Amino acid sequence: MKILFASLPADGHFNPLTGIASHLDEQGHDVRWYAGPEYATKVDRLGMAHFPYREATEVTGTNLNDLFPERAGLKGPKQISFDLEKFFVSQVGAHFADMAAIRDEFAYDILFCDGAVYAAHLVAEVLDVPVLAVALASIMPDDEGPPPFFGLRPARTPVGRIGHRVVRHLLARTTKAGTVRYNEVLAEHGVAPIPLDGFPHAPLASARRVFLNGSPGLEFPGYRPLPNAEFVGALAPARRVLASDSTQLPPRVTDGGRKVVVVSQGTVDNSDPGKLIGPTLAALAGSGHVVVATTGGVRTRELRDRYGSDDAVIEDFFDFDALFRHADVFVTSGGFGSTLAAVGHGVPLVCAGKREGKSDLNARAGYNGYGIDLRTEHPKPAAVRAAVEKVLADPSYPRRAAALQVELESYDPMGRIDAVLAGVVAAAR
């Protein structure tokens with residue numbers, strides 16, 4: 001079977017697909033990618049062919065603020081509106097034009113994509129190609145859960161439920177410009193519009209199946225997936241796509257003599273390590289713990305010069321699978337991939353991040369008790385230290401993280417994907 005993979009050019013969108021692509025390639029399918037220049041290099045590590053962007057422009061976490069410098073000053077609803085229009089919608093028409101042209105060269109039977117590739121809706125409706133997608137439950141909310149992007153918890157009272165309705169109305173107004181633009185692209189191809197309150201989930205309605213990365217324990221209690229969606233457990237990145245320059249763990253991390261605290265700001269909003277990495281290193285200096293900071297290659301030397309000590313390990317990249325085997329707490333801005341890697345090893349969290357949907361993930365960690373949500377983008381060192389010490393002292397946090405680890409390990413992601421794929425093939429025949 002011929003399968004085309006596609007994702008938005010961001011690690012959190014790309015990485016979960018790589019393990020699936022490698023698995024399907026090993027099963028004998030003809031797997032190829034649609035990728036821009038930066039992510040084409042990552043596809044090369046997988047040893048797979050790729051089709052380059054032709055009409056589309058690659059907008060990444062690296063160049064986003066360079067292309068749109070005005071974004072840096074935006075917060076809340078204004079940032080949500082800007083990101084939807086510029087990052088998610090602006091390239092939809094170009095992505096579809098590219099993928100339609102690719103089909104003339106490579107008659108793919110399936111499009112397997114990240115759920116934020118909104119051109120997939122056009123591929124399904126116009127090209128009549130079955131779409132399988134990977135997404136997060138937080139962007140496919142049910143009617144009873146809180147609206148996305150604001151870090152809200154479940155409503156427990158009538159007043160709370162009214163508040164959620166108000167926020168949903170605000171979100172629809174906030175996303176109106178992006179939705180209108182998206183519907184204009186759909187109309188150009190004769191496809192019916194999505195509702196004005198349809199982002200971020202409505203474009204996924206045309207997918208044959210949406211594989212939710214993770215398990216119910218990561219979500220608020222009572223969450224009900226949409227009819228075409230299901231949890232499949234942790235979708236780990238392919239080993240070959242992980243950074244080749246990951247640093248070997250030093251003995252003070254692996255010897256088990258002290259508590260190990262890991263801190264990361266992810267790969268998108270990491271240009272200012274003073275948000276979380278700096279405060280964490282300052283907070284835990286002299287604590288007796290080993291603090292491992294992974295910078296993503298941003299200002300590493302500067303952080304070493306300022307915070308370097310026998311207690312601090314500061315490097316560009318680490319293999320999280322190896323690192324979290326030795327960690328006791330993960331201080332995170334709320335990136336999903338690293339969060340999943342941590343709880344997949346039973347490591348509880350301290351969360352401090354609000355942008356790019358991170359507030360929703362952090363709210364779930366705090367509500368479900370496998371972490372502490374500091375509910376801020378700029379935590380003070382004292383707050384970080386207090387939260388870390390609380391997680392280390394209170395056995396309920398590692399216990400809940402360990403329960404989540406067991407739940408995640410109960411799934412067979414590739415087995416389930418194989419079964420769904422076989423069903424799609426049978427239906428097509």
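Computed quantities for the displayed model
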quantity: Residues within segment 183-208 that are surrounded by fewer than 22 Cβ atoms within 10 Å (Cβ to Cβ) and outside any helix (DSSP H, G or I), tallied; calculated: 12
quantity: Some residue of segment 66-73 being over 30 Å from T376 (Cα atoms), of a type in the set (A, V, I, L, M, F, W, C) and in a helix (DSSP H, G or I); calculated: no
quantity: Segment 62-91 residues that are without any contact (Cβ under 8 Å) to a residue 40 or more places away in the chain, paired with ones that are hydroxyl-bearing (S, T, Y) and surrounded by fewer than 17 Cβ atoms within 10 Å (Cβ to Cβ) (beta carbon under 7 Å, 6 or more apart); calculated: Q91/T57
quantity: Flag for E70 being loosely packed, with under 14 Cβ neighbours inside 10 Å and closer than 30 Å to F149 by Cα; calculated: yes
quantity: L111 being over 24 Å from E184 (Cβ atoms), in contact (Cβ under 8 Å) with a residue 24 or more places away in the chain and surrounded by 19 or more Cβ atoms within 10 Å (Cβ to Cβ); calculated: no
quantity: Output for segment 239-251, where each listed residue is at pLDDT 90 or above and either of a type in the set (A, V, I, L, M, F, W, C) or buried (at least 16 other Cβ atoms within 10 Å of the Cβ) (or both); calculated: L249
quantity: Some residue of segment 148-161 being closer than 20 Å to T18 by Cα and either among the charged types (D, E, K, R) or part of a helix (DSSP H, G or I) (or both); calculated: no
quantity: All positions within segment 344-398 that are of a type in the set (D, E, K, R) and more than 16 Å from the chain's Cα centre (by Cα); calculated: D373, R375, E377, K380, R385, E389, K390, D394
quantity: Counted residues, segment 130-147 - those being in a loop (DSSP other than H, G, I, E, B) and crowded, with 19+ Cβ neighbours inside 10 Å; calculated: 7
quantity: Criterion violated by V425 - all others in (1) of a type outside the set (K, R); (2) modelled with pLDDT under 95; (3) not in a helix (DSSP H, G or I) satisfied; calculated: (3)
quantity: First in segment 218-238 and of a type in the set (K, R), second anywhere and surrounded by fewer than 19 Cβ atoms within 10 Å (Cβ to Cβ) and in a loop (DSSP other than H, G, I, E, B), Cβ under 6 Å, 6 or more apart; calculated: R224/D142
quantity: Residue selected from segment 7-38 under the condition touching a residue at least 40 places away in the same chain (Cβ under 8 Å), out of contact with any Ser or Thr (no Cβ under 8 Å at 6 or more places or on another chain) and in a loop (DSSP other than H, G, I, E, B), by the criterion surrounded by the most Cβ atoms within 10 Å (Cβ to Cβ); calculated: S7
quantity: The one condition in (1) surrounded by fewer than 20 Cβ atoms within 10 Å (Cβ to Cβ); (2) out of contact with any helix residue (DSSP H, G or I) (no Cβ under 8 Å at 6 or more places or on another chain) that A285 fails to fulfil; calculated: (2)
quantity: Meets criteria (more than 16 Å from A21 (Cβ to Cβ), part of a loop (DSSP other than H, G, I, E, B) and not acidic (D, E)) for A116; calculated: yes
quantity: Selection within segment 303-336 - within 22 Å of I372 (Cβ to Cβ) and touching an Asp or Glu at 6+ places or on another chain (Cβ under 7 Å); calculated: S333
quantity: Which numbered condition P77 fails, given (1) under 20 Å from F336 (Cβ atoms); (2) part of a helix (DSSP H, G or I); calculated: (1)
quantity: Residues that are closer than 12 Å to L152 by Cβ and either in contact with a Cys (Cβ under 6 Å, 6 or more places away or on another chain) or crowded, with 24+ Cβ neighbours inside 10 Å (or both), drawn from segment 365-378; calculated: D373
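The values are calculated or read from the model by the stated rules, or taken from the named source; none is laboratory data. It should be emphasised that the depicted structure is a prediction, and the values quoted were computed from it without experimental measurement. Virtual Cβ from ideal backbone geometry, glycine too; neighbours counted across all protein chains shown.
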